[in-house]
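Derivation of every value follows stated rules applied to the coordinates shown; laboratory data play no part. Keep in mind the model is a prediction, meaning the values are calculated, not measured. Note: ideal-geometry Cβ built from the backbone for every residue, glycine included; neighbour counts use all protein chains shown.
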Amino acid sequence: MVTQSMMKQLGHNIDVVTNGAEAVRAVQRCTYDLILMDVCMPVMDGLQATKLIRSSEETGNWDAAKQAGIEQSVLDRDYEYPDPSTKRIPIVAMTANALSESAEECFANGMDSFVSKPVSLQKLKECIEQYLR
């Protein structure tokens, strides 16, 4: 909720989901300029959700998400799969774990950047400005 409020203060429209499976479904339904992904979420963590999103970007299909148990009916809707030459969606990890090995794990799973919580308005602004210019 804090990050949601900060994003609104910065003038950004956002969608909020409560777990990694919902994040994958949201990306399947909508086009996003940036994803702020909490690493620790119920149902499916942010690392797994990021891997599934990256798999879709690379393969042009949601087969990996289907195998992970994401609802078939959601994934079978008409969807224009991304052109492999298209820029991938930047995914910023948000975590309470500030250890360097946590950042390395995020990068290894396809995340582009890493922000430790609690995050300040200034730090969030600097982070998203890297990707939304």
At q = 0.18 Å⁻¹, the log10 of I(q)/I(0) for the chain from a Debye sum over equal Cα scatterers comes to -1.02
Amide H contacts under 5 Å for F114, restricted to residues at least 5 apart in sequence or on another chain and with H modeled in the peptide plane, are A93
Would you mind calculating the gained length between N97 and V43 on full extension (0.36 nm times residue separation, minus the Cα-Cα distance), in nm to one decimal? 17.5 nm
Which value, in debye to the nearest 20, gives the size of the charge dipole of the chain about its Cα centre, when Lys and Arg are +1 and Asp and Glu are -1 at the Cβ? 360
Give me the lysines in straight-line cross-link reach of K125: C-alpha distance below 20 Å, same-chain residues under 8 apart excluded. K8, K117
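Starting from 0.36 nm per residue, how many nanometres of slack lie between D33 and K117 once their C-alpha separation is accounted for?
Values: separation 84, 0.36 × 84 = 30.24 nm, distance 2.16 nm.
Stretched fully, the D33-K117 segment lengthens by 28.1 nm.
For an R0 of 25 angstrom, estimate the FRET efficiency from the Cβ-Cβ distance between K66 and M1 and round to the nearest 0.05. It would help to have the intermediate numbers written out before the result.
Values: r = 32 Å, r/R0 = 1.26.
Computed FRET efficiency for K66 and M1 comes out at 0.20.
Could you give the length gained on full extension between Q130 and E58, defined as 0.36 nm per residue of separation minus the Cα-Cα distance, in nm?
23.7 nm
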